[in-house]
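A.B. asks: I'd like to ask some things about the structure below.
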Amino acid sequence: MILALRGIFFISLILIFCLSLVPASELKYLNALSFLGDKISHAVIFFYISLLGMFCNLKIKYFSFMAIIFSFGLTIEIIHYFHPYRYFEGADLLANLLGIILARVIYYSLQKT
């Protein structure tokens with residue numbers, strides 16, 4: 001089961017990274033989102049990959065794992081800064097961080113039960 005979760009986790013990371021390189025105009029369903037909708041989608045995506053990664057038992061301390069996932073989002077935003085059809089947004093980073101923290105809180109509460 002852990003091996004399958006790890007596979008899904010790494011495939012998800014690759015898919016998120018590839019989709020982040022596609023021009024925003026090509027992603028019609030995301031292009032129609034409002035500012036708030038875009039930030040919510042960032043939080044949900046980073047919640048998903050964070051929670052999934054925590055269930056993978058990657059033998060990494062939780063705060064290190066959270067820093068790695070945040071760095072993944074930061075790397076994407078830095079690429080957006082140089083990408084001709086995307087742009088860097090600090091609010092995206094905050095939404096990513098919110099998703100990561102929420103995943104940690106939920107994972108921690110599930111571990112206590």
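The values are calculated or read from the model by the stated rules, or taken from the named source; none is laboratory data. Worth saying up front: this structure is predicted, and the values here are computed from it rather than measured. We place every Cβ from the backbone using ideal geometry, glycine too, and count neighbours over all the protein chains shown.
A.B. asks: For segment 61-77, what are the residues that are surrounded by fewer than 12 Cβ atoms within 10 Å (Cβ to Cβ) and in a helix (DSSP H, G or I)?
C.D. replies: Correct list: Phe63, Ser64, Ser71.
A.B. asks: A further question on this structure: I'd like the residue in segment 78-89 that is part of a helix (DSSP H, G or I) and either in contact (Cβ under 8 Å) with a residue 12 or more places away in the chain or touching a Pro at 6+ places or on another chain (Cβ under 8 Å) (or both) and, out of all such residues, is farthest from Ser25 (Cα to Cα).
C.D. replies: Ile79
A.B. asks: In addition: Output yes when any residue across segment 21-30 is in a helix (DSSP H, G or I), more than 13 Å from Gly99 (Cβ to Cβ) and within 16 Å of the chain's Cα centre (by Cα), and no when none is.
C.D. replies: yes
A.B. asks: How do the pairs read when you match residues in segment 1-24 that are within 23 Å of Glu77 (Cα to Cα) with residues anywhere that are not charged (D, E, K, R), using Cβ under 6 Å and keeping only pairs 6 or more apart or on different chains?
C.D. replies: Phe9/Leu52; Phe9/Gly53; Phe9/Cys56; Ser12/Ile49; Ser20/Ile76; Pro23/Tyr85; Ala24/Asn31
A.B. asks: Further question: What pairs come up if the first residue lies in segment 37-64 and is within 15 Å of Ile106 (Cα to Cα) and aromatic (Phe, Trp, Tyr), the second is modelled with pLDDT of 90 or more and surrounded by fewer than 17 Cβ atoms within 10 Å (Cβ to Cβ), and their beta carbons are under 7 Å apart, counting only those six or more places apart or on different chains?
C.D. replies: These pairs meet every condition: Phe47/Leu102; Phe55/Leu5.
A.B. asks: Across segment 70-91, what is the total count of residues that are aromatic (Phe, Trp, Tyr) and closer than 18 Å to Tyr48 by Cβ?
C.D. replies: Number of matching residues: 2.
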